[in-house]
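So the structure is just underneath, and the comments pick up after that.
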Amino acid sequence: MLIWEVRGVNFVINMLLLTGFSLLYTWLQHAEFHLPIWRRLREASQIALTIGFLLLYHLASELRIMEAHDRKGLGWSYLAFQIGVLLFAMILKRSSWLFLSLSVVLLFWYWWLPNVSWWGYFYVVSVLLLAEADRFGWRIIDRPLVFYPFCLLFSAPFLWANWISLRGIEVSWWVELAECFVVYYLIWLIYYQLKRRDERQAILLCEASKDNLTKLNNFRIFNDDLQRAFDQYHEKGTQYSLYTFDIDFFKRVNDRYGHLEGNAVLKGVATELNRLLPKISSNAKAYRVGGEEFSFMVFDDQTQHGSPNEVANQVREAIGKLVFKTKQGDQFQITISLGQAQIDAEDQNYLDIYKCADQRLYRSKEAGRNWVTTSGKLLN
């Protein structure tokens, strides 16, 4: 009876350890390290963590066998969890270095096993299944009817080789297989919960990054992208441009037609800007930066189709052709004033380009509106 109590306690402790491994492994995979050296060591850390837990379970197994004075001992209690570590690591991260590292670990494990003369065959089968887990991991775990049979197939060479090596098993195969299936379920449950968390975070991040009315990127993303483009310029020399504009006399639209019609204008402008953006550059984003003010950024000037003057007037003319119709049947059109700026070597701050584009926007307004100002040139 005491043996079963000890086995039960070991099982619970091992489940907690496997859970801890899974969470730490996932954290290493998604953590945003600020130092470049830690980003470079991310994969090596995951490999070291995986091998470390495999060795931890192996050492615990050996100590149990020695303590029980029995080759069969309680070593079986740890095999399912070693398999669980392998499965979780390979399924959640497609990595040739991880695959090669674990292949070497398995080579030593099978070679070390006593009484297994055909260990090479077991090793080859395990490596082939390891390769399948590496290649199709996400598709396997996303389908429970595929995942559980695959896990059982993956475990088979380990269980068989261990049975030959220990010349038996101190509990029934049903107990051992039940433990394996509990481990499989734990792996799937952790993956499922992490997947749901990531999906919720993605939804929240999307909501936090979008303007509620126009669905364009909001000012927070605009600010982040300005900083990122500025950093890229200083790291790689990538030239970028910023265009910012607002709707002329927008207050009159609200006063005359109401705020609902004003909102319709904002959404219409956003839709047109999104339509134009792929024609302007393959590397550009649009933003609503506040009120009736919009911006779009070309992150690499070499991807821009046309000169700044051509792009600015293309946007001004396209938005000027939009026709808005009220519920009462009235029709009206709008104009915009636009300012453009390119990154300058003398810019000291990532916001300098925005300040420059904004100043040029107001030059366009002072000229009478429905103008664009690019690189100091005022155009209509």
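Ranking 129, 41, 145 by Cβ neighbours within 10 Å, fewest first, what do you get?
Taking fewest neighbouring Cβ atoms as first place, the list is 145, 41, 129.
Just in the range 93-194: which trypsin sites (Lys or Arg not before Pro) are loop by DSSP and have at most 14 other Cβ atoms within 10 Å?
Passing sites in the range 93-194 are 94, 167.
Taking the range 41-189 as the region of interest, what is the percent of Cα-Cα pairs per 10 angstrom bin, listed from the shortest bin to the one with the maximum distance?
Answer for the range 41-189: a P(r) of 11, 42, 37, 10, 0 percent.
For the range 289-367, which chymotrypsin sites (Phe, Trp or Tyr not before Pro) are in a loop by DSSP, counting at most 10 other Cβ atoms within 10 Å?
In loop regions of the range 289-367 (DSSP not H, G, I, E or B), there are no sparsely surrounded chymotrypsin sites (Phe, Trp or Tyr not before Pro).
With a 10 Å cut-off between alpha carbons and a GNM built on the chain, which of 368, 120, 329 moves the most?
Largest GNM mean-square fluctuation: 329.
With Cβ to Cβ distances under 14 Å as the rule, what net charge do the other residues near residue 137 carry (K, R +1; D, E -1)?
So the surrounding residues net to +3.
Size of the dipole of the range 165-290 about the Cα centre, Lys and Arg at +1 and Asp and Glu at -1 on the beta carbon, nothing else charged, in debye to 20?
Dipole of the range 165-290, to the nearest 20 debye: 440 debye.
Looking at 283, 227, 343, which one has the Cα that reaches farthest to the positive end of the dipole of the range 219-379 (charges on Cβ: Lys, Arg +1; Asp, Glu -1)?
The residue sitting farthest along the positive end of the dipole is 283.
What number, rounded to the nearest 500 deg cm²/dmol, is the helix-based mean residue ellipticity at 222 nm of the chain, given -39500 (n - 2.57) per DSSP H run of at least four residues and division by all its residues?
-23000 deg cm²/dmol
Can you return the aspartates and glutamates within cross-link range of residue 285? Criterion is Cα-Cα under 15 Å, with same-chain partners fewer than 8 residues away left out.
Candidates past the 8-residue exclusion: 211, 224, 225, 272, 293, 300, 301.
Could you calculate the contour length gain from residue 344 to residue 236, that is, 0.36 nm times the residue separation minus the distance between their Cα atoms, to one decimal place in nm?
Once the chain is fully extended between residue 344 and residue 236, it gains 37.5 nm.
Please compute the contact order of the range 36-115 in relative form: average sequence separation of alpha-carbon pairs under 8 Å and at least six residues apart, divided by the residue count, as a percent.
Rounded, it is 27 percent for the range 36-115.
So how do 165, 209 line up by other beta-carbon neighbours within 10 Å, fewest first?
If I rank by nearby Cβ atoms, fewest first, I get 209, 165.
Would you look at the GNM of the chain, springs on alpha carbons closer than 10 Å, and say which of 64, 220, 256 moves the most?
256
At a threshold of 8 angstrom on Cα-Cα distance, excluding pairs fewer than six apart, so keeping six or more, what relative contact order does the chain reach in percent?
Averaging sequence separation for qualifying contacts and normalising by length gives 12 percent for the chain.
Nearest 0.05, what FRET efficiency do residue 252 and residue 365 give at R0 = 25 Å with Cβ-Cβ as r?
0.95
What relative contact order, as a whole-number percentage, does the range 219-379 give when Cα pairs under 8 Å and 6 or more residues apart are counted?
27 percent
Which three semi-axes in whole Å describe the equivalent ellipsoid of the chain, each the square root of 5 times a Cα gyration tensor eigenvalue, listed largest first?
64, 22, 16
Given 37 °C and 0.692 mPa s, how large is the Stokes-Einstein diffusion coefficient of the range 156-258 in µm²/s, with Rh as the Kirkwood radius over Cα pairs?
Taking Rh from Cα pairs, D becomes 160 µm²/s.
Which loop chymotrypsin sites (Phe, Trp or Tyr not before Pro) in the range 105-145, with loop taken from DSSP, have no more than 15 other Cβ atoms within 10 angstrom of their Cβ?
Counting only loop positions with at most 15 other Cβ atoms within 10 Å, the chymotrypsin sites (Phe, Trp or Tyr not before Pro) in the range 105-145 are 118.
For residue 355 and residue 207 in one chain, what is 0.36 nm times their gap in residues minus the Cα-Cα distance, to one decimal in nm?
50.6 nm
Please compare each pair in 93/195; 251/327; 279/321 to a cut-off of 22 Å on the Cα-Cα distance and tell me which ones are over it.
Pairs exceeding 22 Å: none.
In what sequence do 15, 297, 66 fall when counting other Cβ within 10 Å, fewest first?
66, 15, 297
Working out 0.36 nm times the residue gap between residue 96 and residue 67, then minus their Cα-Cα distance, what length gain in nm do you get to one decimal?
Length gained between residue 96 and residue 67: 6.6 nm.
List the equivalent ellipsoid semi-axes of the range 219-379 in whole Å, largest first, each obtained as the square root of 5λ for an eigenvalue λ of the Cα gyration tensor.
Ellipsoid semi-axes (Å, largest first): 29, 15, 14.
Determine, from the Cβ-Cβ distance of residue 271 and residue 330 and an R0 of 25 Å, the FRET efficiency 1/(1 + (r/R0)^6), rounded to the nearest 0.05.
For R0 = 25 Å, the calculated efficiency reads 0.75.
Bear in mind that the values in this text are calculations on the coordinates, not laboratory data. The structure displayed is predicted, hence computed values, not measured ones. Methodologically, a virtual Cβ is constructed for each residue, glycine included, from the backbone with ideal geometry; neighbour enumeration extends over all protein chains shown.
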